[in-house]
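Below is one structure, written out as structure tokens; comments come after it.
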Amino acid sequence: MFEDIHHFGVTIRDRRAGARFYADTLRLPALAETVSSGPRAARVCGLDHALNRVVWHQIGDGGMETFYLPRHRSAPGDPGDIRRPGFRYIAFNVDGFDDYVGRLEASGLKVARAETACGKCALAKDPDGSNVLLFDAGKAAYPGRVSSLKEIGLVAGDPEGYEEFFDLLGLWRVESGCDFLGPLFGLDAPAPMYGHVRLICLAGAALPAPPRHFPPKSASAPAVPRERFCDAGVKHVAYSVSDIAAFHKRCLAAGVQFLFEPTPVGGGSVIAYFLDPEGNTFEAMQLNPAMRSIAVAAGAARRAMMDISTRASRFFQEKTR
């Protein structure tokens, strides 16, 4: 079954604008940029002649990655439209919340703040319009920083099959609802959380529900994701598993549709993509323990360097006033 949440995947339309937002504005430690092409990239992305530039941002024990596919044009539209089915936001916990959000506002980024029973939170958008939520972790830090992954928002046109799907993955219900969707998005809808996935149930969503992919039907739809990998927006959420071959076998027997079987990737990890009941992409990862430890240490070092740089910059700015 799924163990720990490991990362979010977001596709961007503009490589430089995306890098400035996630690495410079949000200050997420960027450790590496890799380029994937050829048969493996085509298989993972589900696109012919795919070229995928991936930037990895280490955040605690996990992280997020941005995808840029210059050979495939992104579809037009707003990837952050919360009234459309699909992954519609990613959310992080923030240490030193007021300092962090205040810095974002001072940089000119438009930020919507709210204070709810869940604590302080804020909403920002990346250059393509994808929603990024920030939650106060309740820990002091100077300068403020993103400390860990919190959740991903999944809008469902029809919740049929999701309870069974999440139970199969080991993502049990941990919350029955939340109170930040109203002030941040103007939504009043059931929104239970399973593991780190917030299932937002919107009856009459703007787009019709796609073909059902789970539970299995006698005439199952082909394993085609709801949105193309190259289209801007939140693409998937990844969880670690201890034995991906066993995970794949058990889920396949239960009717889960995989986009590809477990496949080795750089760093010694093995991944597999599969679809939820409405065709959204989830990822299972069996991680290389040594590489995971190295990434965590490198991320911490990079974070420390960024904090020192920010403190020095603020010190000299105050001196010159």
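None of the figures in this text is laboratory data; all of them are computed from the coordinates on show. Computed from a predicted structure; not experimentally measured. Every residue, glycine among them, receives a Cβ derived from its backbone with ideal geometry; neighbour counts consider all protein chains shown.
Answer with one residue from S147, M285, A238: the one whose Cα lies farthest towards the positive end of the charge dipole of the chain, charges on Cβ with Lys, Arg +1 and Asp, Glu -1.
The residue sitting most towards the positive pole is S147.
Taking only Cα atoms of the chain, what ratio of Rg to Rh do you get with Rh as the Kirkwood inverse-distance radius?
Using Cα coordinates only, the ratio equals 0.96.
Mind jotting down the distance between the C-alpha centroids of the stretch 70-93 and the stretch 277-305, whole Å?
The two parts, judged by their Cα centres, are 22 Å apart.
So which lysines can K249 reach, going by Cα to Cα under 23 Å and dropping same-chain residues fewer than 8 places off?
Candidates past the 8-residue exclusion: K217.
Roughly how many debye, to the nearest 20, is the charge dipole of the chain about its Cα centre, given +1 on each Lys and Arg Cβ, -1 on each Asp and Glu Cβ, and no other charges?
1100 debye
Report, ordered by chain and residue number, the lysines lying within cross-link reach of K235, taken as a straight Cα distance under 16 Å and ignoring same-chain residues fewer than 8 apart.
Of all the lysines, those that pass the test against K235 - Cα under 16 Å, at least 8 places apart if same chain - are K125.
Which one of G86, L171, F21 is farthest out on the positive end of the charge dipole of the chain, using unit charges on Cβ (Lys, Arg +1; Asp, Glu -1) and the Cα centre as origin?
F21
Quick one: E65, E318, E33, fewest Cβ neighbours within 10 Å first, how do they rank?
Ranked by crowding around the Cβ, least crowded first: E318, E33, E65.
For K120, give me every one of the aspartates and glutamates with a C-alpha distance below 17 angstrom, ignoring sequence neighbours fewer than eight places off in its own chain.
Answer for K120, where 17 Å is the Cα cut-off: D95, D98, D99, E105, D136, E151, D179, listed by chain and number.
Can you sort S36, S309, S176 by how many other beta carbons sit within 10 Å, fewest first?
Values: S36 18, S309 12, S176 9.
In increasing order of surrounding Cβ atoms, one gets S176, S309, S36.
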